[in-house]
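To start, the structure itself, in structure tokens.
The values are calculated or read from the model by the stated rules, or taken from the named source; none is laboratory data. Here the structure is a predicted model, which means the values were calculated and not measured. Glycine also receives a Cβ, built like all others from the backbone with ideal geometry; neighbour counts cover every protein chain displayed.
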Amino acid sequence: MLFLAALALTLSATAHAADAPASNDPIVLCVSLSDADQSHPVTSDGVGRGVFKLRRGDLTLDWEIAFKNLSGPIVEANIHGPQRPGANAQALFPLAEKAGAASPLKGSIVLTDGQLKYLLNSRMYANVTTARHPAGEIRGQLQRVRPGVICPTF
């Protein structure tokens, strides 16, 4: 009887291990940007959606962010932190290589240990500025999602 209980426990643990993501699977984060997430009053039809993937092996963060309906060309697009939703923080790194970059923005960066901590604790946000809204037209907090979840797109 003891043998059967041990066998059942072993089989159960093996089944759960098979369901767990492989340790080299990327950590996925989604972002949804809008004027409503800005810390200052902004009225804009601009919206954005994006996906960030953190490669575990070398701490490289890859991203792709699409946006539309902004009041004009982007001036800057950055990741800011550490901060919670609704408050402001310094820019940590750019999402766009230059002003006027077109949608979608794509890029990658190797994170520092501090940036990794901010990212995994949902303390980073994306902010897109335009000439009409120099402090930010659309903004969104990066949110980690469960394995297999697909970030919303347009």
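In the stretch 115-154, the qualifying residues are those that are on the phi > 0 side of the Ramachandran plot and out of contact with any Leu (no Cβ under 7 Å at 6 or more places or on another chain), and the one that is modelled with the lowest pLDDT is Gly148. With the structure loaded, tell me whether Thr130 is more than 21 Å from Ile27 (Cβ to Cβ), of a type in the set (Ser, Thr, Tyr) and crowded, with 19+ Cβ neighbours inside 10 Å or whether it fails that test. Against the criterion (more than 21 Å from Ile27 (Cβ to Cβ), of a type in the set (Ser, Thr, Tyr) and crowded, with 19+ Cβ neighbours inside 10 Å), Thr130 qualifies. Pairs meeting the criteria (first residue in the stretch 137-154 and free of Cβ contacts under 8 Å to residues at least 24 places away in the same chain and more than 19 Å from Ser34 (Cα to Cα), second residue among the charged types (D, E, K, R) and surrounded by 11 or more Cβ atoms within 10 Å (Cβ to Cβ), beta carbons under 6 Å, at least 6 apart or on different chains) are lacking. The number of residues in the stretch 32-88 being assigned to a loop (DSSP other than H, G, I, E, B) and more than 22 Å from Ala131 (Cα to Cα) comes to 9. Among residues that are in contact with a helix residue (DSSP H, G or I) (Cβ under 9 Å, 6 or more places away or on another chain) and in contact (Cβ under 8 Å) with a residue 60 or more places away in the chain, Ile79 is included. The residues of the stretch 56-89 that are charged (D, E, K, R) and within 13 Å of the chain's Cα centre (by Cα), listed by number, are Asp62, Glu64.
A single entry from Gly57, Gly48 fulfils the requirement of being of a type in the set (Gly, Ala, Ser) and modelled with pLDDT of 95 or more: Gly48.
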